[in-house]
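All remarks here apply to the structure that follows.
No value in this document is a laboratory result; all are computed from the given coordinates. Everything numeric here is computed off the predicted structure, so don't read it as measured data. Please note: Cβ atoms are built from the backbone with ideal geometry, for glycine as well, and neighbour counts cover all protein chains shown.
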């Protein structure tokens with residue numbers, strides 16, 4: 001009987017120690033009572049390629065209609081070749097995306113675009129509206145968040 005009581009006592013002590021450790025670990029993150037916060041934080045940083053995989057996949061999907069000249073997943077760089085819309089062959093664009101961090105954050109993404117127009121048989125640099133670059137960033141970020149939501153459940 002004494003051995004059985006000791007085993008029960010040991011289980012309670014071990015359980016309390018595990019509970020205390022878990023509480024301490026969660027409280028260090030600022031959300032000790034929110035299990036979903038831990039899942040979200042972990043999911044936002046999923047990476048096996050050097051940069052945030054959600055941002056990487058979302059960038060690839062967003063630019064999939066354009067030919068790629070460079071795709072470096074460990075450095076987080078995508079560069080497209082010049083692309084001319086078949087409906088407007090006198091204008092072409094080139095896009096580069098840089099993923100700067102392993103976290104899924106808006107400031108971890110940089111998009112740049114170049115635009116040229118055909119004038120007298122020569123491609124000439126033309127300005128790109130800032131709203132165009134901002135719209136591309138928004139599309140990529142929205143896709144990345146959707147990918148994360150579908151992965152987390």
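Once the piece of chain linking residue 128 and residue 81 is laid out straight, how much longer is it, given 0.36 nm per residue of separation minus the C-alpha distance between them?
Details: separation 47, 0.36 × 47 = 16.92 nm, distance 1.62 nm.
Full extension from residue 128 to residue 81 adds 15.3 nm.
Kirkwood radius for the stretch 53-152, taken over all pairs of different Cα atoms as the inverse mean of 1/r, rounds to 14.3 Å. Label zone (residue 57, point 7 Å along Cα-to-C-beta; backbone nitrogen cut-off 12 Å) within the stretch 127-144: 143-144.
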